[in-house]
Structure formats: C-alpha cells, structure tokens
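See structure below.
The values are calculated or read from the model by the stated rules, or taken from the named source; none is laboratory data. Just so it is clear, the model here is predicted, and its values are computed rather than measured. Neighbour counts are summed over all protein chains in view; Cβ atoms, including those assigned to glycine, are modelled from backbone coordinates with ideal geometry.
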C-alpha cells in the first residue's frame, strides 16, 4: 500500500518537470494498449498450451479488465476532455462555461486584483498614520551664551492604530499568497494534465500491474481538469449572491495637516533664507561687509561692519527666526489639542474603521472560499478514485486537508 502511494507521488512530481515545455504523451496510450494486448494474447496461448487453470483464469480476468480500460479511456476522452479539455459535455454542464479553465483563472485574477487594491490602500493608510504619529517638531533657540529647546508630539497617540493595520496586512498577505498559489495550480493542471498526467494515467490503467495507481491518477486528473475550475466558478457564484467586500479608503482624510508646518513651509523652502541661516556668522559677515572692503572706506568701516554683523545682527536673525517658528508651533499645538485634534481623530476613525471591517470580512470570506474549493476538489477526486477502483487514501492530500 505504501509503495503505491510513493509511486503516485513520484508520478505527479515527475510531470511537473515538463510543465514549462510540456511533452505530449498521448501517443503512448495506443502503444501501451497494443503491447498489453499482445502480452495478454500470448498469456492466453501459453495458458491453453500448458492447460494451466490459474493462468487461464488470470488471463480471462485481465482480458475483461483490458477491454474495460479501453472503454474507460475512450469514454473519459470523449466525455470529459473534449477538444483539449474544452467544450466537453460534462465540463460544460458542471461549470456552465465551455472555456471553464480560463474562466476560473480570470476569476482568481479578479480576486487577486481586489486583494492587491486593499493591500495598497492599507500601505497608504499606514504611511499617513505613521507620519502623523511621528510628527514631532524640535526647536533649539540660541540666545548668545544659552539656548532654549522646545519639542512637541501632539498626535503621537494615533500610532496605536498601526497595530490593527499591521495585523490586517499580515492576514491579507497570506490570502494573496494562497490566491497566487491557487492560480499557479490551475495553470499547472491546464498545462500538464491533458498531455502528460492523463495519458500517463491511461497507460498505468491499461497495464495490469498498475491498474489501481492508474485509476487514482485518472481521478486526480479529472479533479484538476474539471472539479478544480468548477469549484472556483461555484465559489465566485456564491460570492456574487452577497455583498462581496471591496475595501476602499479615502487616504486624504488621514492627513494630519499641521497648520504650523504648512505656514512655515514657504519660509523653510526659501533659498535665500536657508542660505542665510545655514551660513555661519563669519561667512555671513564677510558677504554683507564685502562691498565696504572693496570700496575706498573699507579700512575704516569694514571692521565695524564685520563685528556688528558677527556679534549682533546674525545671532539676532537666527534668534528671531527660531522664536517665530517656535511661536507658530506653540500656537498650533495649543489649538490642535482642542477641537482640531478631536476632529482629526474622528476623521481617522471614521475612515479607517469601515475599511478595516471590510478587509476583515474579505479575509474571512476568502478563507471560506479556499476551504470550499479544497473540499469540493478533494472530495470529488476521492469519490472518482473510489468509483474507479483506485486508491481512496490520497497520498499526502488527506493529511493536508
């Protein structure tokens, strides 16, 4: 029993090697049928010649199984596969779509697009909230021989909302990986089953000593070619009967919009102001007093101008700028600690709460979708395998489920 499970797993894994450049094993089915038929005919002649009743009984039984295998191969090819797996009566009846495989891939692509859109919105929301929570201006006001420092972080508490966003993001990432995996499985089945796995299963079914393994591979092929796309289409139809979540959020409502920073932005971006403030007292004094140095009165007035700019004017300009910016920050913080902060917190909560609720509903519904897809595909494969006389215990799959 364990040997057949190992052979089954090895057969499935071997077919994945040819998924990129698949080979067509369909030609092997009639060749194997002819070889097995000749072998059974020789066995029958040998049994008749030797008058061995056990060999005669075995040959008669195997001839019946051989005929049954040929009928099974022809029937499955005609009823289930159609032309390249498309347009078959059973597949069209179950899925409601002749091109059921590509339709299922399109459905999974639409799921992935919805997940990606929600994930991008979540990243944008987390970025906005983190920027608001970490907004902490710091001012250092030099007063000649002493300095005064001032810093504030009035909305740092909003950072607590990053916890639920991170949790939702991790769960949504898992769902995206599962959807991408489901899409790859469908594509793998579409590539390998018609030309590799199913012909191999037919060959194993015709050979007397691997009949059970062949029946199991046939069941897996039909499940991957018909039941897996059918389960995706069915799940999508069930999703359409409810209000399927499509999480969206207006990230502009998450902007803290600090008035102080907006008021100081033009002044801070001014190249003239930045040049003056970034230059030290010596460079500033040299630049301002340079005309006097080049004139005829430079020897008299240049030292006075230089000392005045260095010791008085430049420190005064820096101090006035720092005091102005600090005053604006203090005024903004005082106003923001009242109605402005409450309004901002209300805007963030009112925008974020419905979005995270929709994301949670989407994640929960997606897990139900994937569970339903696995149950339908696995149950169908196991039922078909049992009906054909194959292995009812799907090696590795049942433990996974």
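The table for this structure:
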| item | result |
| --- | --- |
| Some residue of the range 263-278 being assigned to a helix (DSSP H, G or I), at pLDDT 85 or above and over 30 Å from residue 307 (Cα atoms) | no |
| Helices (runs of 4 or more DSSP H) completely within the range 153-244 that count 2 or more residues being under 23 Å from the mean Cα position of the chain (by Cα) | 162-192, 228-240 |
| Of all residues in the range 25-51 being exposed (fewer than 13 other Cβ atoms within 10 Å of the Cβ) and over 29 Å from residue 77 (Cα atoms), the one that is nearest to the chain's Cα centre (by Cα) | 45 |
| Hits in the range 1-18 (condition: surrounded by fewer than 14 Cβ atoms within 10 Å (Cβ to Cβ) and either closer than 14 Å to residue 196 by Cα or at pLDDT 75 or above (or both)) | 10, 13, 14, 16, 17 |
